[in-house]
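The values are calculated or read from the model by the stated rules, or taken from the named source; none is laboratory data. The model shown is predicted, which means the values in this text are computed figures rather than measured ones. Note that each Cβ is placed from the backbone with ideal geometry, even for glycine, and that neighbours are counted across all protein chains shown.
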Amino acid sequence: MKRPVMLDNFIALLGRISADPDATEEDRLHKTLLVGASLMFILAGLLWGSLYAAFGEPLAGAIPVSYSVFSLLSVLLFRVTRSFPLFRFIQLLLILILPFLLQLALGGFVDSSAVVLWALICPFGALLLTKRREAIRWFLAFLCLVSLSGFLQPSMDHVNNLPDWLVLSFFIANIAAVSTIAFVLLHYFVGQEQQFLWLLRAEQEKSERLLENVLPKEIATALKDRHGTIADSFDSVSILFADIVGFTALSDELSPTQMVELLNEVFSHFDRLVEKYDLEKIRTIGDNYMVVSGAPHPRPDHAPTLARLALEMRAYVEQYAYDSKRLNFRIGIGSGPVVAGVIGRQKFHYDVWGDAVNMASRMESLGLPGKIQITRETYELIKDEFVCEPRGKVAVKGKGERETWFLLETRDERLARVDSLGTCAGNRADAHG
C-alpha cells in the first residue's frame, strides 16, 4: 500500500530540517521526532486559537496562535543554527507555559477544561529527548505551575464566553488526548525496555555459551559467581594425551587449508566422544589432544571411562583416511592426584597440573604408533575390566625406569571374540564330520 503524497512530502521536509550527517542514529531520530511534533503542534495551535476566538475569547485565542508563531520561529532558528539543545529547550518551555497561560485567560481549572494537563507533554517529551535528571527538573516545573494555578484560582473572577457543551467537550478532549500521549510514550518506553532486556538476555546467553565452550560448566558458573583464584585438588583422576605420529611430514604434504580440515574432522569427532562419556577436554595444541576424567566433577570410574574413550579414539583413527592418507596416533594415559584451576585473565582456560599429568604426557611421547600406553597407576585401576599387555620398563626422563602396559581391549570384547572363534571352529568341525 502506497503512502499518501502529502505524508511523503512531510517526511521529506522533516528530513531536510533535521538533517545532520555527523549525528548518531539516535540523535537523528530525536531531532526528527521533535521537529515533526513541533510542526503538528503549530497547526493545532492555529486551529485551537481560531476556535477560541470564534467563541468570543480573543485573548485565549491569541495564546495558542502566539505559541504557533514562536514555535515556527524556533524551527527556523534550528534550521539555521543546527543547535538541537537550544531548539529542544525552547519547545519544552513553550509547551510548558502555553497551557498555564491559557488556563489563566479562561478563568481557572474548570472553565479552561483543565487545559493545564497539556503541560504534562513537557516532562514526557523531556524523558524521551533528554537525560532523566533533566526530565525530573521539567516535571518539578510542571508541578510548580499546577500549584501556582491552584493558588491563583480563588482570585480569578473571569467567566469565559464558551458554552457549557464546548467546555465539556474540551474536558473530554484534553483528558483523552493527554492520556493517549502518556500511554503511547509509556508503551514506547516499556517496549524499548523489553527489547533491551531481550537483547541483554540474548547476549548473556551467548556469553554463557561461549564461556561454557571454553571452561567446564561448573567452573564457568563459579567464575561468574565469585572473584579470585579458582583452584581445586583431586585425589584421583586420569589424564589422556593423543598425538599424531609423523605430523611434521604430513604437514609438508598437505596445504595449510587441508591440514586444518584434517585436524578439525578428527578433533571434532574426539570432541563428540568426550561429550558422550561426559569427560572434560582440556586443550588442543597443534596435533596434540588432552582430556581429563574425574575433574572438575570427581567420579570413581574415571580410569575405566577414559580407557573406553581411548579405545574408541583409536578405532576411529584406524579407519580414518584423508585424501587417501592414513593417520596414526600415539595415546598415553596416566592416573593420580592433580591440582586443577583457571589460569589467565583474558584468554583464560581450565588446566590440570601434577605428576600424573607429566606421566600421561610421557606415556604418549614414549609410546608406539597405534598403541595406547598406560602407567602402573592406571593399570591397577582398569585391569579387572580391560585386557592389557605388559610392555616392560621404559626410561622416563626425571623418573627413571617405569613399568608400562599397552591397553588392548575390554574383557567383554575379548570374551565375545573368543566365543565367536569357538563357534566358528565348531561349525568347521561339524562340516568336516
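If you go through segment 270-304 and keep only what is surrounded by 14 or more Cβ atoms within 10 Å (Cβ to Cβ), free of Cβ contacts under 8 Å to residues at least 40 places away in the same chain and part of a helix (DSSP H, G or I), you end up with 271, 274.
In segment 115-124 there is no residue that is in the same structural domain as residue 45 (by TED's automatic domain parsing), touching a His at 6+ places or on another chain (Cβ under 8 Å) and more than 20 Å from residue 60 (Cβ to Cβ).
Among the residues examined, residue 21 does not qualify as loosely packed, with under 15 Cβ neighbours inside 10 Å, at pLDDT 85 or above and within 38 Å of the chain's Cα centre (by Cα). Restricting segment 136-161 to residues that are of a type in the set (A, V, I, L, M) and under 59 Å from the mean Cα position of the chain (by Cα) leaves a set whose member that is modelled with the lowest pLDDT is 152.
On the basis of being surrounded by 21 or more Cβ atoms within 10 Å (Cβ to Cβ), within 25 Å of residue 377 (Cβ to Cβ), under 30 Å from the mean Cα position of the chain (by Cα) and of a type outside the set (Ser, Thr, Tyr), does residue 237 make the cut? So residue 237 fails the test.
Within segment 140-150, identify whether any single residue is aromatic (Phe, Trp, Tyr), in contact (Cβ under 8 Å) with a residue 60 or more places away in the chain and either out of contact with any His (no Cβ under 6 Å at 6 or more places or on another chain) or within 17 Å of residue 173 (Cβ to Cβ) (or both), and answer yes or no. Within segment 140-150, not a single residue is aromatic (Phe, Trp, Tyr), in contact (Cβ under 8 Å) with a residue 60 or more places away in the chain and either out of contact with any His (no Cβ under 6 Å at 6 or more places or on another chain) or within 17 Å of residue 173 (Cβ to Cβ) (or both). Taking the criterion of being under 15 Å from residue 360 (Cβ atoms) and of a type in the set (A, V, I, L, M), the residues of segment 387-412 that qualify are 394, 396, 407.
Taken across segment 368-378, residues that are among the acidic types (Asp, Glu), more than 40 Å from the chain's Cα centre (by Cα) and surrounded by fewer than 16 Cβ atoms within 10 Å (Cβ to Cβ) do not occur at all.
For every residue, the table says whether it meets (1) hydroxyl-bearing (Ser, Thr, Tyr); (2) assigned to a strand (DSSP E or B); (3) more than 19 Å from residue 249 (Cα to Cα); (4) in contact with a Cys (Cβ under 7 Å, 6 or more places away or on another chain).
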| site | (1), (2), (3), (4) |
| --- | --- |
| 309 | no, no, yes, no |
| 314 | no, no, yes, no |
| 330 | no, yes, no, no |
| 339 | no, yes, yes, no |
| 342 | no, yes, yes, no |
| 350 | yes, yes, yes, no |
| 359 | no, no, yes, no |
| 363 | no, no, yes, no |
| 368 | no, no, no, no |
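Within segment 316-328, the residues that satisfy the criterion of being part of a helix (DSSP H, G or I) and out of contact with any strand residue (DSSP E or B) (no Cβ under 9 Å at 6 or more places or on another chain) are 316, 319. Within segment 319-340, being surrounded by fewer than 16 Cβ atoms within 10 Å (Cβ to Cβ) and either among the aliphatic types (A, V, I, L, M) or touching a Phe, Trp or Tyr at 6+ places or on another chain (Cβ under 9 Å) (or both) holds for 321, 326, 337, 339. Yes or no: segment 390-404 includes at least one residue that is surrounded by fewer than 19 Cβ atoms within 10 Å (Cβ to Cβ), among the β-branched types (Val, Ile, Thr) and at pLDDT 85 or above. Scanning segment 390-404 turns up at least one residue that is surrounded by fewer than 19 Cβ atoms within 10 Å (Cβ to Cβ), among the β-branched types (Val, Ile, Thr) and at pLDDT 85 or above.
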